[in-house]
1. Cα centroids of the range 200-216 and the range 229-251: how far apart, whole angstrom?
2. Apply the Debye scattering formula to the range 1-124, with a single equal point scatterer on each alpha-carbon and no solvent, then give log10 I(q)/I(0) at q = 0.16 Å⁻¹.
3. Would you work out the Kirkwood radius for the chain? I mean one over the mean of 1/r across all pairs of different Cα atoms, in Å.
4. Neighbour counts of other C-beta atoms within 10 Å: give me Thr165, Thr65 arranged from fewest to most.
5. Kindly express, to the nearest 10 degrees and within the range 0 to 90, the angle between helix 84-95's C-alpha long axis and the longest C-alpha principal axis of the chain.
6. Among residues other than Glu136 whose Cβ falls under 12 Å from its Cβ, what is the net charge (Lys/Arg +1, Asp/Glu -1)?
7. Quick one: check the C-alpha center-to-center distance for the range 39-88 versus the range 157-173, whole angstrom.
8. Which whole-number percentage describes the relative contact order of the range 11-289, with Cα contacts under 8 Å and a sequence gap of 6 or more?
Amino acid sequence: MNNVTVPSEKILVLGKTGQLARELAVLPGVTCLGRDQADLSDPAACAAAIAAHTPDAVINAAAYTAVDRAEEEEADATVINADAPAAMAAACARLGIPFVSVSTDYVFDGSGTAPWKPGDATGPLGAYGRSKLVGEQAIAKAGGTWAVLRTSWVVSAHGNNFVKTMRRLGAERDALSVVADQIGGPTPARDIAAACLHMARTLISEPDKGGLYHFSGAPDVSWADFAREIFAQSQLECAVTDIPTSAYPTPAARPGNSRMECSDLETVFGIKRPDWRVGLAQILKDIEKG
């Protein structure tokens with residue numbers, strides 16, 4: 001006898017190929033729309049797709065995430081990260097269904113050492129962070145039930161991310177220099193997907209739980225120490241030398257402090273910060289499987 005319970009709610013996900021969308025796609029009750037069905041560069045098409053599918057809730061798992069390129073393409077980034085989510089949120093408001101969207105620690109200026117709280121003053125350092133912040137504000141103004149989940153340092157077995165880059169470089173080299181004065185919480189995309197789905201389903205019956213939340217992996221760590229753990233778990237002999245951000249210039253400034261205060265998410269939704277070291281072990285297994 002089959003004891004698997006199939007969820008009755010229909011959850012529509014905008015996005016299909018990104019790290020988060022690929023993790024959401026394997027979860028029950030989820031339908032993912034790719035660019036051919038809902039192109040985020042066409043906000044009206046995204047709104048129309050939501051109306052056509054009549055879901056019970058919507059998760060936006062797609063975004064413009066090329067942080068450095070956004071410095072030259074801020075208008076494009078703003079369409080995808082702000083105008084499209086605004087259109088989605090408005091469409092959901094018209095249908096009376098919840099909308100969950102993912103944002104970033106880049107909405108903050110990265111100063112200090114204290115974990116950022118959802119209500120702290122924002123101050124993005126670059127175009128990517130500005131585009132995501134405008135999107136957050138537009139979602140909140142749309143008039144419906146919404147939740148924005150800010151996260152950081154997303155990693156998975158898919159796409160391009162720090163884990164995959166370090167594994168490749170660690171296999172090629174005996175030593176690497178890695179930035180050590182940026183601190184944050186690596187967050188497995190699989191954990192973000194589970195959190196978003198739980199939030200969306202909860203908001204269907206408890207819309208008063210909507211709002212702005214933070215979610216990142218624990219414990220907080222530097223990129224250099226994150227790299228060391230990746231090499232240790234991958235059994236790669238690659239020495240890591242700590243360097244300051246100033247020694248690794250990039251077109252877009254990175255926040256020095258990406259620590260996030262996530263207690264509200266646990267209090268309201270029962271979602272705890274995941275141990276990224278456990279998530280990393282699973283990611284490495286998935287990479288090995290191909």
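Read-outs throughout are calculated quantities, based only on the coordinates presented, and are distinct from any laboratory measurement. These numbers come from a predicted model, not from an experiment. Note that we place each Cβ from the backbone using ideal geometry, even for glycine, and neighbour counts take in every protein chain shown.
1. 36 Å
2. -0.84
3. Evaluated over the chain, this radius sits at 19.4 Å.
4. Result, fewest neighbours first: Thr165, Thr65.
5. Rounded to the nearest ten degrees, it is 30.
6. Charge balance near Glu136 sits at +4.
7. 28 Å
8. Relative contact order, the range 11-289: 21 percent.
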